[in-house]
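Enquirer: The structure follows.
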Amino acid sequence: MSKIILVTGGARSGKSNFAESLCINRNNSTAYIATSIPFDDEMKDRVKRHKESRPQNWFTYEIYKDIYSIVEEVSKKHETVILDCITLLVNNLMFTHGIDIDNATGDEINTLEMYIKEQMEKLLQEIKKTDLYFVTVTNELGMGIVPDNKLSRVYTDIVGRINQQIASQSDEVYFVVSGIPMKVKG
C-alpha cells in the first residue's frame, strides 16, 4: 500500500531538504521526479545545485506533464519517490496549455484549472495502486498579500487548490518554516 506525504512551506524554507531527509535512509532505490524546465542560466544553476545535493544513487526523471503515465514503471524500479515540485508543475502546465491568462475568460481559466486538477487526480490514483513511499514538495503561496496582477492571482489560486487536493489525499502533511518541519496531518 502506498504512502503519500506532502511537504509544503515558503520559498527557501527548507522543504526540499526535509523531503529528501524523509527518503534518504529508507532504501537504495529512490526516484526523483523533477518538474522544472531550466529555461535560463539562473534556473540551470539552481537545477545543477539541486542535483549535486542529492545522493548520487537516486535516479532522476525530468517530467512535468502526464506524470501519472510513468508511475507504474517507476514503482517497478523504485520504492521511494520525491516529486519536486508541484508549484513548478502547475506553472509549466499553465504556460504550455496555450492560453493568455491576462486576457482569458473565466471559463477558459476554469477549463485550465480542471485540466491541472485532472492531471493531479490521475497521478494520485496511480500512486495509490502502488506500494510507493511518495513525497511531494510544494510551495505555500497564499500567505502574503493578494497579488496585483491577474496572472499571479490565477496562479496562486490554482496552486492553493491543487495543494488542498493533494493534502486531502495524503497520509501525512508537513509545513516547513525556517528549516523546521511541523507535522500538520497524519
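The values are calculated or read from the model by the stated rules, or taken from the named source; none is laboratory data. Owing to the predicted nature of the structure, the values given are computational and were not obtained by experimental measurement. Cβ placement follows ideal geometry from the backbone for every residue including glycine, while neighbour counts extend to all protein chains displayed.
Enquirer: Report, ordered by the first and then the second residue, all pairs with beta carbons closer than 9 Å, sequence separation of six or more or different chains, a first member in segment 109-128 that is without any contact (Cβ under 8 Å) to a residue 40 or more places away in the chain, and a second member that is basic (Lys, Arg) and in a helix (DSSP H, G or I).
Expert: none
Enquirer: Now, a different point. Val90 is checked against (1) surrounded by 20 or more Cβ atoms within 10 Å (Cβ to Cβ); (2) over 12 Å from Ile116 (Cα atoms) and fails just one. What number does that condition carry?
Expert: Of the numbered conditions (1) surrounded by 20 or more Cβ atoms within 10 Å (Cβ to Cβ); (2) over 12 Å from Ile116 (Cα atoms), the odd one out for Val90 is (2).
Enquirer: Here's another thing I want to ask about it. Checking Val137 against (1) touching a Cys at 6+ places or on another chain (Cβ under 9 Å); (2) farther than 29 Å from Ser53 by Cβ; (3) not charged (D, E, K, R): exactly one of these is not met. Which one?
Expert: With (1) touching a Cys at 6+ places or on another chain (Cβ under 9 Å); (2) farther than 29 Å from Ser53 by Cβ; (3) not charged (D, E, K, R) applied to Val137, the lone miss is (2).
Enquirer: Confirm whether Val81 is within 30 Å of Cys23 (Cβ to Cβ), in a strand (DSSP E or B), in contact (Cβ under 8 Å) with a residue 40 or more places away in the chain and aliphatic (A, V, I, L, M).
Expert: Yes.
Enquirer: To continue, here is another question. Within segment 1-26, work out how many residues are in contact with a Ser or Thr (Cβ under 6 Å, 6 or more places away or on another chain) and free of Cβ contacts under 8 Å to residues at least 60 places away in the same chain.
Expert: Residues flagged as in contact with a Ser or Thr (Cβ under 6 Å, 6 or more places away or on another chain) and free of Cβ contacts under 8 Å to residues at least 60 places away in the same chain within segment 1-26 amount to 0.
Enquirer: Out of everything in segment 33-50 that is surrounded by 13 or more Cβ atoms within 10 Å (Cβ to Cβ) and either among the basic types (Lys, Arg) or at pLDDT 95 or above (or both), what residue ends up being farthest from Leu83 (Cα to Cα)?
Expert: Arg46
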